[in-house]
Amino acid sequence: MAHNDSVIQKLSTEESLELLATQTFGRLVVRRKDDMDLFPLNYVVHEGSIYFRTAEGSKLFTVSLNHDVLFEADFVDKDAQKAWSVIVKGDAEVLTSRADINAADELPLKPWLPTLKYNYVRITPNDVSGRHFHLGEEPNRYEV
């Protein structure tokens, strides 16, 4: 079946970031040499950047070594009629300046798990792609 504009709609960067800001759960993809890792995390969008908190460990270590990341978040409405997905290619930076950390402390970003997460990471988008989907039943594949 050919791509149908009424079923899949491309979103602008602004529309994609607006939708991203409505959610708090996403996935971070990082690369280590020839391996890749995927981390689910909670986040917040502020002034066009994505922020999350993390403890010491493999996520922080990998982001410190390789700043190129992918970030993805999506949503399906409760009636399963509409959905969207946004993918961000960006640069991840561990915040180190006192001013950046103080500003990040003001964001509505609290860990979901009862663990201490002292490190803030900011993802600055280089490329944002989003799609909006109208869900429904599969058409008859064998109808001529």
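The values are calculated or read from the model by the stated rules, or taken from the named source; none is laboratory data. Keep in mind it's a predicted model, so treat the numbers as computed, not measured. Side chains included, ligands, DNA and RNA excluded: accessible areas come from the protein's heavy atoms. Shrake-Rupley method; radii C 1.70, N 1.55, O 1.52, S 1.80 Å.
Solvent-accessible surface of segment 1-79, averaged per residue with a 1.4 angstrom probe and all protein chains in place: 63 square angstrom.
Pairs from the table (Lys10/Lys89; Lys82/Lys117; Lys59/Lys89; Lys33/Lys110) lying more than 26 angstrom apart at Cα are Lys82/Lys117; Lys33/Lys110. Ordered by 1.4 Å accessible area with all protein chains kept, Phe61, Phe71 run largest first as Phe61, Phe71. The portion of the accessible surface of segment 12-110 made up by carbon and sulfur, rounded to a whole percent, is 52 (1.4 Å probe; DNA, RNA and ligands excluded).
Each 5 Å bin from 0 upward holds the following percent of the Cα-Cα pairs of segment 6-132: 2, 10, 21, 23, 20, 13, 7, 3, 1, 0.
With the convex hull drawn around the C-alpha atoms of segment 62-118, the volume per residue stands at 137 Å³.
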